[in-house]
1. Label points 7 Å out from Cα along the Cβ direction at Asp362 and Asp242: separation in nm?
2. With r defined as the distance between the Cβ atoms of Asn27 and Ile254 and R0 fixed at 25 Å, what FRET efficiency is calculated, to the nearest 0.05?
3. Taking the full set of protein chains and a 1.4 angstrom probe, give the accessible area of His320 in square angstrom, rounded to the nearest 10.
4. Which percent of Cα-Cα pairs in the stretch 133-239 sits in each 10 Å bin, short to long?
5. If each residue of separation counts as 0.36 nm, what is the full-extension length gain between Asp9 and Gln332 once their alpha-carbon separation is subtracted?
6. If N is the number of residues in the stretch 171-301, what value comes out of its Cα radius of gyration divided by 2.2 N^0.38 Å?
7. How many angstrom lie between the C-alpha centres of the stretch 133-165 and the stretch 98-113?
8. Please list the non-local residues whose amide H lies under 5 Å from the amide H of Glu315, H modeled 1.01 Å from N, same-chain partners needing a gap of 5 or more.
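The values are calculated or read from the model by the stated rules, or taken from the named source; none is laboratory data. Small disclaimer: the values here were computed from a predicted structure and weren't measured. Because the Cβ atoms are built from the backbone with ideal geometry, glycine has one as well, and the counts that use them run over all protein chains shown. Areas reflect the complete protein model, heavy atoms only, side chains present, ligands, DNA and RNA absent. Shrake-Rupley method; radii C 1.70, N 1.55, O 1.52, S 1.80 Å.
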Amino acid sequence: MNVEIRPYDDGHIAVGFPNGFDIRLLNAVRTVPGRVWNGREKLWLLPAGKQAGEILMLNLYQTGLFSMDEDSANGGSAEAAPWGQEISAMREQLEARHYSRRTAESYGRWVAAFLSEYGASAAEPGQSQINEFLTNLAVRRKVSPSTQNQALAALLFYFRFVKKVNPVDLSSVIHAKKKPRIPVVFSRREAMSVIEHLDGSKKLAAQLLYGTGMRLNELLSLRILDLDFDRKEIIVRHGKGDKDRHVMLPLSLIPALREHMRSVRELHEKDLADGWGRVELPGALAAKYPSAGKEFKWQWLFPQKNRWVNQETGEQGRWHLDESLMQRAVKQAVLEAGINKNASCHTFRHSFATHLLESGYDIRTVQELLGHSDVKTTQIYTHVLNRGAGGVISPLDRL
């Protein structure tokens, strides 16, 4: 099984699978931040730069399909193998403590970046190295406070549970200064205008983003069984912090959702007729229920257009719609709608919360629907209500 990696343009590298790929290779690319699928050339485009390349190589190593030792003999990095072993050990510790998959991926990227920067000397890290790494994130890379805190949490977990040492003196770390930022919010007219510039399943997905306040990855991870038409609710499983919650099912979308599910069923039945139709199941369900992966209720609500193919084994399957495709479609829809805001898929979530508060719903209800652990996180939306600056009459208008 081969992976082709080559320069694409000034800002991207191209990753292709000339002999086909399986779900492990797909996930190795899908977890690289900033990746974009080029459907015309059947290539993944990754940001050009050291960080994306290192994450990709680490992910490929962890699939177990490649040997870094062999790569080293052919001119590759001899230091990559111990890093992969360290990250694998850390992920085992994360899984043992039931951390979410996305948290494990994020922690792995930060620890890989740390080991990449300090190399072999990081085997016995000094306190100064940890402080220097975190300080550089704030001073040189200008990361946000939350990003720096995530990197700190990843390093602390790694050293405490993998290296069995406990860094305690972090007083010299220069922390990124946290500044209040007002979220970008659509007006109701703008939200509907963006949605109307989408079509097909992407339009339905955008309607659900605005109508439920789900995060994009939560929406795309929905399966057929997560929709309860009788109770008029959607179950969001393994959300941020690996928490489940319920959100409302917009009544106006029920006919469109039923029609969409009929098309998904037809696609699934075609896959079954072709000898496939199995999807990946969460946790240990595949071992407990071996045939469940072919049942309709476990299929993705938004399946990808084409099946992935493993040319070596002939195995085929489907993943859900990739986040980058939805993000790109919404960006284009914002431009076509003539909206001059730095908006994205997440803007629908901000708009959902703001419009509920404007309609008089209490903040604790909105907090539960969004899945926030602390009501302080939800309070940011009180700054963009009409009762704020937009609800005050300017003295100039009274002249």
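1. 3.2 nm
2. 0.15
3. 10 Å²
4. Result returned by the calculation: 11, 26, 22, 23, 15, 3.
5. Answer, rounded to one decimal: 114.2 nm.
6. In units of the globular-protein estimate, the stretch 171-301 measures up at 1.32.
7. Spelled out, the Cα-based centre of one part sits 12 Å from the other.
8. Distant-sequence amide H within range of Glu315: Asn310.
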